[in-house]
Amino acid sequence: MKITAVKGFAVQGGHRNLFIVKVETDAGISGLGEGGMAGRELAMQGMLDHFAHTLVGMDPLRIEHIWQTLYRGNYFEGGNIAGATMSAVDIALWDILGQHLGVPVYQLLGGAVRDRVPCFATPGTLTGPECVEQARRYVAAGWRSLRFGPGMPDEGWDGRTGSVYEPMESIPLAARWIREVRAAVGPEIMLSIDFHHRLNVAEAAIFCDQVRDVGLYFLEEPIRAENPKAYAQLRTMTPIPFAIGEEFPSKWAFAPFVEEGLLNFARIDISNVGGLTEARKVAGWCETHYVDMMPHNPLGPVTTAASIHFGIATSNFAQLEYLERLADAYPADLFPTKPAVVGDSFPIPTAPGLGVTFNEEAAADHPFQIWEAPNWHRRDGTKTNW
């Protein structure tokens, strides 16, 4: 079997743009992958164009060899764009292998260690009484793990456009309303907060002190992760578990966080870290340090499917991120077949390969739209993190 074509599709996938990759073969089997660098789809397409010159003519079943070839094929190895594009290619190759052998991808990863993939939901932001009602609604629907985002007390703050974000205004608001949510749902519900890199070490420590009695399941990405020593400092200031790693493009980025005990849940993104090939290596490494995998998953159905197969076959797996608003927005004509959550989990896949279909002809009806992340700033005009 030989690869005959590698195609990229930057499309508007409902809630956001998606970058879907299709790898075609001379055996009539095509595989799907997805790159995870949201907002940089054109850059991933440029990298894919480079990779295609290497990939066409190769045997798609030599997955590890192809991974190493793409990673080491240029003097400038690694990086987020390369990692995301390699992820898309790698996922597509596993899809091809599963279809070729007539088995779901999880069987190729060692077989099922669980019957379903549990998920956590994201009801909203901690800005007022509505977050308590949303929490009650999700719990009533059967969800047992809820993650919230912080907000701002300003009336009309939507968290999406050019909003003002002041950590020392947001922190007490989030602390107040997560405590109200805890009182409403009881102690058995797992509650978590994602600060999305918005704080510095001092601010994160202040927040952790304000919620020390709430019993958080995890605190996600409170500070940026370029400098592991900053997380090491924060680690000494709070016992709250950390969930880190959604932007890491390889096992090497995870290295200091795993080895130094700086994370408790690995927020690995299958479509950014280097695909299923690299994700399995990170998972095995994390297992030796008693770290559970908790994949980042705010993208498209292909990433969701790859994450489900990963979760089914990975013993040290905690939960998969699930965003209801995204799943409801995927165009049915673009993705005729896609995973569907049942209750608070995804059932074990049964179709060969990933079990996702993509309608290439429908891509023209969902044209790519330039998108940049929300431009948040502080009251003095300083740019801050989204």
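Coordinate-derived values only; no laboratory data. Keep in mind it's a predicted model, so treat the numbers as computed, not measured. Note that each Cβ is placed from the backbone with ideal geometry, even for glycine, and that neighbours are counted across all protein chains shown.
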Rounded tilt (10° steps) of 63-72 against the dominant C-alpha axis of the chain: 70
Folded to 0 to 90 degrees: helix 301-313 orientation relative to the chain principal axis, Cα: 90
Gap separating the Cα centres of segment 211-226 and segment 329-350, nearest whole Å: 30
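Between GLU324 and GLN369, 0.36 nm times their residue separation minus their Cα-Cα distance comes to what? Mind showing how you got there, number by number?
Working: separation 45, 0.36 × 45 = 16.20 nm, distance 2.21 nm.
Stretched fully, the GLU324-GLN369 segment lengthens by 14.0 nm.
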In range of the label at VAL103: residues from segment 354-381 whose backbone nitrogen is under 19 Å from the point 7 Å along Cα→Cβ: 354-356
Sites SER315 and ARG176 - FRET efficiency at Förster radius 45 Å, r taken between beta-carbons, to 0.05: 0.75
Euclidean distance of C-alpha centroids, segment 1-41 and segment 233-278, integer Å: 26
Computed log₁₀ I(q)/I(0) - Debye formula, equal Cα scatterers, no solvent, the chain, q 0.08, 0.12 Å⁻¹: -0.40, -0.92
Where labels lie 7 Å past Cα in the beta-carbon direction, separation of MET168 and HIS15 in nm: 3.3
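With Cβ to Cβ distances under 15 Å as the rule, what net charge do the other residues near LEU334 carry (K, R +1; D, E -1)?
-3
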Within a Gaussian network of the chain (alpha carbon springs, distance under 10 Å), most fluctuating of ALA135, ALA279, ALA112: ALA112
Shape of segment 1-150, Cα gyration tensor, a/c cut at 1.5: prolate
Reach of LYS229 by Cα under 13 Å, taken over aspartates and glutamates that are not fewer than 8 positions away in the same chain: GLU259, GLU260
DSSP beta bridge pairing in segment 107-354, given as percent antiparallel to the nearest 5: 15
Degrees, to the nearest 10: 41-55 long Cα axis against longest axis of the chain: 30
Neighbour cut-off at most 13 other Cβ (10 Å), DSSP loop, chymotrypsin sites (Phe, Trp or Tyr not before Pro), segment 256-345: TYR290
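Would you kindly state how much longer the chain becomes between ASN200 and ASP380 on full extension, computed as 0.36 nm times their sequence separation minus their alpha carbon distance, in nm to one decimal?
On the way: separation 180, 0.36 × 180 = 64.80 nm, distance 1.73 nm.
In short, 63.1 nm is gained.
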Cα-based reach from LYS338 at 25 Å (exclusive), listing lysines while leaving out same-chain residues under 8 positions away: LYS7, LYS22
TYR290-ASP49 FRET efficiency (beta carbon distance; Förster radius 56 Å; 0.05 resolution): 0.85
Within the chain, longest stretch clear of exposed GluC sites (Glu not before Pro) (DSSP loop, no more than 15 other Cβ within 10 Å): 261-371
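Given the -39500 (n - 2.57) contribution per DSSP H run of 4+ residues, what per-residue ellipticity at 222 nm results for the chain, rounded to the nearest 500 deg cm²/dmol? Let's see the in-between values first.
Details: 12 runs with 139 residues, N = 386.
After summing the helix terms and dividing by the residues of the chain, the value is -11000 deg cm²/dmol.
Just subtract the alpha-carbon distance of ALA183 and ASN227 from 0.36 nm times their residue separation and send over the number in nm, one decimal. Working shown, then result.
Values: separation 44, 0.36 × 44 = 15.84 nm, distance 3.58 nm.
My answer for the length gained is 12.3 nm.
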